[in-house]
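Nothing in this text is a laboratory measurement; each read-out follows from the coordinates by a stated rule. Keep in mind it's a predicted model, so treat the numbers as computed, not measured. Here the Cβ positions follow ideal geometry from the backbone for every residue, glycine too, while neighbour counts run over all protein chains shown.
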Amino acid sequence: MAGICFGRRQRRVFQVGAWTSLAVALAYTLAASPAAMAQFGGGGGGNTIGGGATSGVAVDAEGVLRRVSVPDPTGELARQRAQEALVRLDRDVAKQSKLRKVSLTRLEKLIRARLAEGRPIDDAMQHLAGLTRLQYVFCYPETGDIVLAGPAEAWAEAPSGRMLGIDSGRPVLELQDLIVALRAFPPGANEKAPFIFCSIDPTEEGLSRMQQFLHQFGRQATPNDTQFIVEQLREKLGMQIITVGGVSPKTHFAQVLVEADYRMKLIGIGLEQPPVRLTSYVERANPAQVGRNALQRWYFVPDYECVRVSDDAMAMELVGDGVKLVGENEVVGKDGTRSVSSGGNRASEAFVKAFTKAYPKLAERAPVYAQLRNCIDMAVAAAFIQHQDYYSLVGWKPELFASEEAYPVETLNPPQEVETAVNSIWKGRTLVTPVGGGVQMRPTEAVSPTNLLDDEKGAVQQARAEIDLSKLGPDQWWWD
């Protein structure tokens, strides 16, 4: 957050939003095929990521990210889609389940057979039988199964385009996201641990132009200059550059990461009202403590102490809320270069702590944050499967899931840039400009010995032992 003083009687604060890097054990992006995601952008090949029930962001054919809104004032459209889904879905898969199980090995085998016969995969396969959270991963060498388990329910497409549980409103896990995670952690030893991230950054040229403008104009400002300053800040900073690493930016997984980061920044600078009680950074900031060339970065990281493992390592459980928001201070040089600063900012520290604390409730009411958590969970699970070499233990070579040609998930317009967001609020005599943030994941850290949690009471091992695969039919890939 950069600061510049106005005249003595003027008390206006301008918030300029940019966004920076995100890294996790995986990343996010949105795939239109084979998953059934709605498009609301109109022509041009754009795709839309819904936001809650009615809003979100869209990526057009040129890769420009924009905010969108899908009106459903009475909720009638959502109710209609839920009713249609309940008619379409198999009665058994539409039932609520505290612990639904999905065999990855059986699922891939059946999908391979369907595609070979020229038949499309069904809705249940695309949405992993309605799982809304990944709770367990089990390995059964004797039957050749790797099993995912968690709560599940019937699902439908919300007006936003998201696939949400009809009863809870939580987003369901998507096969396309799981495939992205599995491809990041393929069978075999991995010498380089994947770093999955997304960042939305201002250019050095833009930051340099902003610094020059602030230096030239700052001490002459009056309240009448508000709109001019806002427009100038947008123009000087220009478009922000979006970067995705560790996974393809053309995926649904990658775009989930980008949207979560983008909307978190809007909340931080006061341009989006969160669905829970949360004081923004703008409201907390003390202009007197803001340096002229200071920047604040906020980015999501996984809570790496999230994996509980059985004594025989044949089962793991994901625990906790999975996601934290952290902050970092930077300074900007006259030429627009950025470097990490050792200085602190109490308002920023308070904001990231409050956001992390509120994350579980945010995930309940704003589905994109639950989607981010699901992507992180799937990335950690994929890293665990690779680390324990479940592939060899069950004799599974996921050739279909590993091949983009055989099973495409890189089907979306990659997000490349977004217009700078600027908010203006009178607060003291200082112009503040927070820039930065993202998502960062190193899933292998969650499965390192120093972070693994012991199964002290044997509950994880018991959960695995209670599953009897001998009763499954030849074409049965999920069960309760």
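With the cut-off at under 12 Å, measuring from each backbone N in segment 442-480 to a point 7 Å along the Cα-to-Cβ line of residue 99 picks out 459-468, 480. Packing order of peptides 145-156, 305-316, highest average first: 145-156, 305-316 (average count of other Cβ atoms within 10 Å over each peptide's residues). A Förster distance of 41 Å, applied to the separation of the beta-carbon atoms of residue 453 and residue 277, puts the FRET efficiency at 0.85.
Rank-order 173-181, 131-139, 226-234 by packing density, defined as the average count of other C-beta atoms within 10 Å over each peptide's residues, highest first.
Working: 173-181: 27.7, 131-139: 24.0, 226-234: 15.1.
Highest mean packing first, the order is 173-181, 131-139, 226-234.
If you take the square roots of the eigenvalues of the alpha-carbon gyration tensor of segment 86-157 and sort them as a ≥ b ≥ c, do you get rounded (a/c under 1.5), prolate (a/b over b/c) or oblate? Display every interim value, and only then the final one.
Details: a/c = 2.47, a/b = 1.04, b/c = 2.37.
Oblate is the answer for segment 86-157, as a/c is 1.5 or above yet b/c matches or exceeds a/b.
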